[in-house]
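First up is the structure itself, then whatever we jot down about it.
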Amino acid sequence: MRQNLARFTQAAFCTLGIVSVAHSAPDTAKGQQLHDRQCVECHKGAVGSDPSKIYTRPNHIVKSRSALSQRVTFCATQINAGWFPEDEENVATYLNDKYYKFK
Ligand code: HEC
């Protein structure tokens, strides 16, 4: 019985190990690269000269960290960006670090 528990605990730790490797910290440099390549041009057209104003205008629409992720996913899907979920997370984290600063 005790041995079974030990084995079970070990298995659980191994699984956690794999999960934490798969979910490594978001890479904001990659996020910036993707964002600058696929998202900035259109925002420039939408707000005029400085494309970052789309995020910093007083009446910006994104109001929370989760809404930011949703918006990034939505926009990436709209333009068929071909991003993986981790790409979307890299971009959302980049935008949050640089502009929104949600907790
Ligand atoms: C076809 C043009 C276009 C493209 C391409 C585009 N966007 Fe947008 N985006 C807009 C417009 C227009 C708005 C403002 C919408 C509004 O005010 O209702 C916007 C708003 C946003 C917002 C919310 C800003 C706020 O008000 O807080 C985010 C975040 C955003 N876009 C992310 C992205 C990302 C990430 C990409 C690249 C995958 C992208 N967008 C590509 C046109 C575009």
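The values are calculated or read from the model by the stated rules, or taken from the named source; none is laboratory data. Remember, predicted model here, so these are calculated numbers, not experimental data. Glycine also receives a Cβ, built like all others from the backbone with ideal geometry; neighbour counts cover every protein chain displayed.
Of the residues screened, ALA29 is not one that is aliphatic (A, V, I, L, M) and at pLDDT below 95. If you go through segment 25-52 and keep only what is surrounded by 15 or more Cβ atoms within 10 Å (Cβ to Cβ), in a loop (DSSP other than H, G, I, E, B) and away from the ligand (no atom under 12 Å from the Cβ), you end up with PRO26, ASP27.
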